[in-house]
Amino acid sequence: MTETIDTDTAALTAVCHVRAPLLLEPVDEQIETLQACEDEGAVDDLLLRSWPKEVALSEESPYQEVIEQYERFEAWADERGVSVRPPFRERSTTSQVTGTTRERLVTPLLCLELYAEDELLGVFPHTNEATDETYTTDDAIATLRTGEVPTPLGAPDEADAEESSTPNTCPDCGGALIDGQGLFACDDCDWLGTVTGSGRYRSRPETTVEELEASQADPR
């Protein structure tokens with residue numbers, strides 16, 4: 001479940017989300033271990049973030065950042081064929097006064113994200129529903145303590161694999177890409193971007209096709 005990374009080329013960041021009022025065993029022990037990982041250089045940066053026990057799943061919720069994080073976690077899980085529910089859980093509540101039913105998101109006591117540079121490597125805990133195997137935060141933190149990086153369960157979906165194997169194909173329209181020293185552009189739809197270390201495309205709209213072609217003609 002683990003793989004060694006080159007920390008000279010990829011800075012490892014751990015983002016730990018926790019319910020602030022509940023920093024009790026074993027959660028505080030997990031945080032202490034993460035802090036030790038940072039002190040020992042197993043992770044380059046450790047960011048601690050607090051969130052509420054539950055938030056309303058609506059545009060009026062004051063916790064839009066939590067909802068966006070949850071959606072990002074779900075998208076990552078879908079790509080690998082795993083699930084983050086649980087630890088996240090959605091439930092419905094009905095007001096006895098108004099009769100209005102609202103959807104709410106219940107957050108886990110602790111959730112860990114790992115990034116290599118800007119690339120999301122994993123969200124812990126998560127479960128492979130096909131095998132009923134769960135990679136817990138305890139497992140992930142213990143792996144970090146050994147100096148290795150946890151390898152999530154599951155695998156990137158076929159679309160990701162195809163994207164990685166065809167780096168000269170536009171992700172938007174399927175057209176041919178111009179490779180300008182690591183910056184790719186599509187003449188058909190004007191898509192612009194780069195390819196991450198994992199083989200995924202990342203848009204970069206601030207550069208124009210003309211600028212890319214000019215850099216190819218005059219690399220200075």
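Numerical summary
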| quantity | calculated |
| --- | --- |
| Gain upon complete extension [Ala10, Val106; 0.36 nm per residue less C-alpha separation] | 31.3 nm |
| Probe 1.4 Å, protein heavy atoms only - accessible area per residue of the stretch 41-140 in square angstrom | 54 Å² |
| Packing-based ranking, highest mean first, of 121-132, 71-82 given that Cβ atoms within 10 Å are counted | 121-132, 71-82 |
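The values are calculated or read from the model by the stated rules, or taken from the named source; none is laboratory data. Just so we're clear, the structure is a prediction, and the values are computed from it rather than from any experiment. FYI the Cβ positions are ideal-geometry reconstructions off the backbone, even for glycines, and counts take in every protein chain you see. In case anyone asks, the SASA skips ligands and DNA or RNA and just uses the protein heavy atoms, side chains included. Shrake-Rupley method; radii C 1.70, N 1.55, O 1.52, S 1.80 Å.
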